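Colleague: Mind looking over this structure? Questions follow.
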Amino acid sequence: MKEYRLALVGATGVVGREARKVLEEMNLPISKYVFLASSRSAGTKIEFMGKEYEIQELKEDSFDEGFDFAVFSAGGETSKKFSPIAASKGAVVVDNSSAFRMDKDVPLVVPEVNPQAISQNHGIIANPNCSTIQAVVPLKVLDDKYKIKRIVYSTYQAVSGAGKAGIEDLENGIDEYSNGVNYDLHKFAHPIFNNCLPDIDIAMESGYTKEEEKMINETRKILERPNLPVTATCVRVPVFNSHSESINVEFENEFDLDELIKALKDSEGIIVENNLENHEYPLATNATGHNEVYVGRIRRDFSVKNGLNFWCVADNIRKGAATNALQIVKYMIENN
Ligand code: A2P
């Protein structure tokens with residue numbers, strides 16, 4: 001069997017560290033791993049698959065030695081500069097940033113949803129936004145069965161999605177509340193502790209945030225429904241990890257609720273937890289550390305024809321980033 005070579009860019013970040021764990025769990029036929037980050041962490045020693053590795057500084061010649069895959073989680077600017085270099089040296093780039101997601105020539109892939117798009121890559125494949133990935137896994141199942149007419153997203157997003165600085169703002173806010181320790185915000189415009197901030201990524205001219213526009217545009221691209229009416233309100237909440245979402249959908253076709261729930265249960269990558277009487281529904285703390293998308297509170301929206309509400313939770317650093325990217329790599333390995 002062929003052995004592959006993989007470079008992980010941003011290996012010291014929140015997503016990069018989780019990607020190292022997911023790689024250990026997946027145990028893919030990869031014979032060479034290289035871990036790259038900024039000059040700040042160059043030389044740092046890490047343990048991976050029982051061996052010691054040294055973090056290397058990302059430079060223009062980092063990909064000269066030849067890689068099959070380069071997985072990027074080091075922010076948009078780093079991706080814009082270095083992804084084309086990695087691709088030009090023969091690697092297939094799986095990029096976690098938003099730099100290339102809406103490019104016509106770049107597939108935007110969730111393996112349970114549109115694996116067929118992978119083969120159309122020209123060296124770069126984009127990993128969608130974390131909140132979009134977890135939503136489209138169940139939505140694809142429902143779109144295939146009942147044809148979606150409209151989607152309304154309301155998200156409750158964890159601070160880990162804002163990287164190390166986001167996590168520090170919540171930790172410091174808790175420390176101030178408990179111990180009176182003053183702190184400066186590193187990431188958010190307001191304290192995230194004890195607040196919900198409807199302000200993720202930057203403000204757009206439309207009055208939406210970039211995160212909301214990403215959810216709208218990426219959903220349309222992944223589901224191959226370019227004109228689908230979609231709207232979103234994205235909110236950062238004081239939760240360390242795993243995003244929760246309330247999803248309201250209208251379908252063109254009628255549905256039987258039991259059949260709809262069964263279709264979700266039978267689908268790859270979805271775990272249904274749907275027993276309100278017993279207080280069973282997806283929780284951020286339960287989803288953390290897992291690769292699946294959790295779905296519950298599945299009920300009719302009686303205010304419209306063929307309407308549905310459900311609650312959707314996933315580990316935003318795993319399925320929303322590291323796991324999804326590495327599932328793309330795994331799919332390519334398994335399908336040559
Ligand atoms: P470093 O740890 O050396 O700063 P997070 O999203 O958790 O903040 O992590 C961002 C990741 O991207 C880290 O691994 C970080 O490395 C890496 N990174 C940030 N800027 C650069 C850059 N200019 N070149 C290479 N890696 C970068």
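Colleague: Residue-wise, which Karplus ³J(HN,Hα) couplings in Hz belong to the stretch 93-100, taking 6.51 cos²θ - 1.76 cosθ + 1.60, θ = phi - 60°, and x for glycine or proline?
Modeller: 8, 10, 10, 7, 7, 8, 4, 10
Colleague: Skipping prolines and chain starts, which residues have an amide H placed within reach, meaning under 5 Å, of the one on K149, given they are 5 or more residues away or on another chain?
Modeller: Result for K149 returns E250, F251, E252.
Colleague: Enumerate the calculated ³J(HN,Hα) couplings along the stretch 116-121 in order (Karplus 6.51 cos²θ - 1.76 cosθ + 1.60, θ = phi - 60°), each rounded to whole Hz, writing x wherever the residue is Gly or Pro.
Modeller: Values, residue by residue: 4, 5, 4, 5, 8, 6 Hz.
Colleague: Follow-up question, since we're still on this one. Counting other Cβ atoms within 10 Å, keep those with at most 12, restrict to DSSP loop, and tell me which chymotrypsin sites (Phe, Trp or Tyr not before Pro) in the stretch 270-325 are left.
Modeller: Within the stretch 270-325, the qualifying chymotrypsin sites (Phe, Trp or Tyr not before Pro) (loop, at most 12 other Cβ atoms within 10 Å) are F302.
Colleague: Taking 8 Å as the Cα distance limit and 6 or more residues as the minimum spacing, I'd like the relative contact order of the stretch 135-199 as a percentage.
Modeller: Contact order relative to length: 24 percent.
Colleague: Pull up all non-local amide H partners of E280: gap of 5 or more, or a different chain, and H-to-H distance under 5 Å with H placed in the peptide plane.
Modeller: N275
Colleague: Regarding the chain, what's the average projected area of the Cα-atom convex hull, expressed in nm²?
Modeller: 18.7 nm²
Colleague: Please work out the FRET efficiency for the pair E334 and E52, using the Cβ-Cβ distance as r and a Förster radius of 22 Å; give the result to the nearest 0.05.
Modeller: 0.15
Colleague: Pull up the cross-link candidates among the lysines for K89, meaning alpha carbon to alpha carbon under 25 Å and not fewer than 8 places away within one chain.
Modeller: K2, K32, K59, K80, K81, K104, K330
Colleague: Please identify every one of the GluC sites (Glu not before Pro) in the stretch 151-222 that sits in a loop by DSSP and has no more than 10 other beta carbons within 10 Å of its own beta carbon.
Modeller: E205
Colleague: Can you list the equivalent-ellipsoid semi-axes of the stretch 59-155, largest first and in whole Å, using the square root of 5 times each Cα gyration tensor eigenvalue?
Modeller: After diagonalising the Cα gyration tensor, the semi-axes are 30, 14, 10 Å.
Colleague: Give the ranking of Y33, Y177, Y281 by solvent-accessible surface, highest area first, calculated with a 1.4 Å probe.
Modeller: Y177, Y281, Y33
Colleague: First select every other residue whose beta carbon is under 12 angstrom from the beta carbon of K89; then total the charges, Lys and Arg +1, Asp and Glu -1.
Modeller: Every neighbour counted, the sum reads -4.
Colleague: Rounded to the nearest 500, what is the chain's calculated 222 nm mean residue ellipticity when only DSSP H runs of at least 4 contribute -39500 (n - 2.57) each, over all residues?
Modeller: -9000 deg cm²/dmol
Colleague: If you filter the stretch 291-320 for trypsin sites (Lys or Arg not before Pro), then keep DSSP loop positions with at most 14 other Cβ within 10 Å, what is left?
Modeller: Here the trypsin sites (Lys or Arg not before Pro) that fit, given the DSSP loop and packing criteria, are K305.
Colleague: Counting DSSP beta bridges with both partners in the chain, what percentage is antiparallel, nearest 5?
Modeller: Of those bridges, close to 50 percent are antiparallel.
Colleague: While we're on this one: Which whole-Hz ³J(HN,Hα) couplings does the stretch 266-279 yield from phi under the Karplus relation 6.51 cos²θ - 1.76 cosθ + 1.60, θ = phi - 60°, glycine and proline marked x?
Modeller: The phi angles translate into 7, 8, 5, x, 10, 10, 8, 10, 9, 9, 4, 4, 8, 6 Hz.
Colleague: Given H placed on each backbone N at 1.01 Å, which residues far from N316 in sequence or on other chains put an amide H within less than 5 Å of it?
Modeller: HN-HN under 5 Å from N316: S242, H243.
Colleague: Here's a follow-up. At a 1.4 Å probe radius, which order do H243, H290, H190 fall into by accessible area, largest first?
Modeller: Descending accessible area places them as H190, H290, H243.
The values are calculated or read from the model by the stated rules, or taken from the named source; none is laboratory data. Here the structure is a predicted model, which means the values were calculated and not measured. Cβ sites come from the backbone with ideal geometry, for glycine too, and all protein chains shown count toward neighbours. Heads up: the accessible areas ignore ligands, DNA and RNA and are worked out on the full protein's heavy atoms, side chains in. Shrake-Rupley method; radii C 1.70, N 1.55, O 1.52, S 1.80 Å.
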